[in-house]
């Protein structure tokens, strides 16, 4: 209504080629519109980036949790034979739980077949709500997708995720709407990829909220600009042309700087360079304050967004430090207790293919007493590096001054005896290397125990500890004979 009244009054005035009042109104309107769009765009980017970050945290958490609680070899066999094992059914129930726990739309496992959009994927399993189960609205698994479910672009994204080595994120459009998708390849114990696990969040609702927010934000600034324009129009004198032209010039320069400069310090409304002691001075000062306030507002928004991102990064780093040993940089005893709880849960779910290796560094007290604790620390770090070098696919924990634990899973669990011999050989090589300093001749006793029916995690730990002490005594006896 305000802009309509202004434009009507301008159009009824005596015609001229370029009326000054109309030129000022149009330019200032465009200036406010540009600033409104700029602020709206920055708001949208900040909202979108923050949302995507939260999306990725939820999606990654859900996928990591499912992978950590699945038997990949069993699932691989189910896909090859297209049969459903008890572990298959347990995994399907876990997918249903992930949807509610992480506020997801779908979680599913599929095998990408091709990228031409027809029969492109083989569904292995997917999550469903209780309502869908009650109404029978769910598909049979081990079926291929129809050509209209996913477009060619989505099929290509699934195939790309299948061939990657880490998690992939992308926007997906299907018959179920717009989703933000996270996909990660699945590997069996032989390191062979056989499927991908996908988790999706509905993009429609969050985008609608973002659009309404941006529209209201831009509308607010446009309305504020229209109000200011109306006030300015009432106070401009018909006969003062030079100051008006100067104001117009500075406004154009400011708009150009907004478009061309990425540094907000250079986006400044310059002084128009006149003093009239009337309404034009107030107009000039109002525009400068408005431009300054908008610039500060944008700066505050950018600063707040950066602080939020830094805070999230610091929290993430602090979480990592809580579970990391400060000397060796491997996981510490607190992390092992978390892993112990996870292993206990796995045992309850029937996932029992794991082992524990106890490792105790030899001669640490002698190194500390003879060469000092600095070299003793070097001895601990070197021993830890040798362990990590052999057990590349397992988590290593330092639970005491000279004590380490390796939780054996997957490939390392299968090759545990070979890897134990490899580690012992490595320590023997260090001991016989005459070029090494005494604190560089790393040595440790080892003991392995695997889960047996009826065991607790502590039972496996105790057997591994006893095996380690037997090995330590054997090393002492061997050393005594050599001496």
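Quick notes
- Within the range 161-189, the set of residues being free of Cβ contacts under 8 Å to residues at least 60 places away in the same chain and outside any strand (DSSP E or B) comprises 161, 162, 163, 164, 165, 166, 175.
- Taken over the range 160-218, the criterion of being more than 20 Å from the chain's Cα centre (by Cα), surrounded by 14 or more Cβ atoms within 10 Å (Cβ to Cβ) and at pLDDT 90 or above is satisfied by 187, 188, 189, 193, 194, 195.
- When the residues of the range 450-483 are filtered to those that are in contact with a helix residue (DSSP H, G or I) (Cβ under 9 Å, 6 or more places away or on another chain) and exposed (fewer than 13 other Cβ atoms within 10 Å of the Cβ), the one that is nearest to residue 343 (Cα to Cα) is 458.
- Tallying residues that are touching a helix residue (DSSP H, G or I) at 6+ places or on another chain (Cβ under 7 Å) and without any contact (Cβ under 8 Å) to a residue 24 or more places away in the chain within the range 398-449 yields 3.
- Given (1) surrounded by 14 or more Cβ atoms within 10 Å (Cβ to Cβ); (2) in a helix (DSSP H, G or I); (3) at pLDDT below 75; (4) within 46 Å of the chain's Cα centre (by Cα), index of the condition residue 305 fails: (3)
- Of all residues in the range 323-372 being assigned to a loop (DSSP other than H, G, I, E, B) and over 37 Å from the mean Cα position of the chain (by Cα), the one that is farthest from residue 383 (Cα to Cα): 372
- Of the residues making up the range 28-56, those that are out of contact with any helix residue (DSSP H, G or I) (no Cβ under 9 Å at 6 or more places or on another chain) and either without any contact (Cβ under 8 Å) to a residue 60 or more places away in the chain or buried (at least 19 other Cβ atoms within 10 Å of the Cβ) (or both) number 1.
The values are calculated or read from the model by the stated rules, or taken from the named source; none is laboratory data. From a predicted model like this one, the values you see are computed outputs, not experimental measurements. Ideal geometry is used to build each Cβ from the backbone, glycine not excepted, and the neighbour counts take in all protein chains shown.
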